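See below for the structure under consideration.
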Amino acid sequence: LQKSLSEIFGTDKYSKARKEVLTYMFSRPMQMALYFCTGVLEAETLFRHYALNVPFYTHFTSPIRRYADIIVHRLLSASLGARSPIKMEKEAIQKQADHCNDRKMASKRVQELSADLFFSIFVRVRP
């Protein structure tokens, strides 16, 4: 797919912009990762990472970035015995995960709408 797209972008001054826009549009439909509490899900198949082909997966980044990452770090530390367990019920953890998912989806939607607006203006002002 990448080779085919690269061949049709052309070499004019707008080829880079066309490539960026189309690449963005092709990646949009990909399913977004969701936060969840493993204690409330019964099907372990939901813990799987499709692209990496691993049966159990957890994602987190630096805990200074997002609250969800702080929770994951704390839970992981507790499971490894490096700290005391978190005093939260699994339902409360899931409620936090749901809230983080809602905020992440809202942020993604605003980003998409902003990109759509920019693209429509770009198309309108270009011959």
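The values are calculated or read from the model by the stated rules, or taken from the named source; none is laboratory data. It should be emphasised that the depicted structure is a prediction, and the values quoted were computed from it without experimental measurement. Positions of Cβ are backbone-derived with ideal geometry, glycine not excepted, and every protein chain shown enters the neighbour counts. The protein model used for the area step is the full one, side chains on, heavy atoms only, and it has no ligands, DNA or RNA in it. Shrake-Rupley method; radii C 1.70, N 1.55, O 1.52, S 1.80 Å.
Overview of results
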read-out	value
Leading residue by the ranking (modelled with the lowest pLDDT) among those in the range 29-54 that are open to solvent by less than 60 Å² (accessible area, probe 1.4 Å) and assigned to a loop (DSSP other than H, G, I, E, B)	32
Residue 102 surrounded by 11 or more Cβ atoms within 10 Å (Cβ to Cβ) and acidic (Asp, Glu)	no
Residue match in the range 63-85 (condition: touching a Leu at 6+ places or on another chain (Cβ under 9 Å), free of Cβ contacts under 8 Å to residues at least 60 places away in the same chain and either β-branched (Val, Ile, Thr) or open to solvent by 70 Å² or more (accessible area, probe 1.4 Å) (or both))	yes
Test for residue 22: is it within 21 Å of residue 119 (Cβ to Cβ), in a helix (DSSP H, G or I) and open to solvent by less than 80 Å² (accessible area, probe 1.4 Å)	yes
The range 87-121, residues that are more than 18 Å from the chain's Cα centre (by Cα) and assigned to a helix (DSSP H, G or I)	90, 91, 92, 93, 95, 116, 117, 118, 119, 120, 121
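So that you can scan it fast, the table gives a plain yes or no per residue for (1) touching a Gly at 6+ places or on another chain (Cβ under 7 Å); (2) over 30 Å from residue 15 (Cα atoms); (3) small (Gly, Ala, Ser):
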{"site": "43", "(1), (2), (3)": "no, yes, yes"}
{"site": "55", "(1), (2), (3)": "no, yes, no"}
{"site": "80", "(1), (2), (3)": "no, yes, no"}
{"site": "85", "(1), (2), (3)": "no, yes, no"}
{"site": "98", "(1), (2), (3)": "no, yes, no"}
{"site": "102", "(1), (2), (3)": "no, yes, no"}
{"site": "107", "(1), (2), (3)": "no, no, yes"}
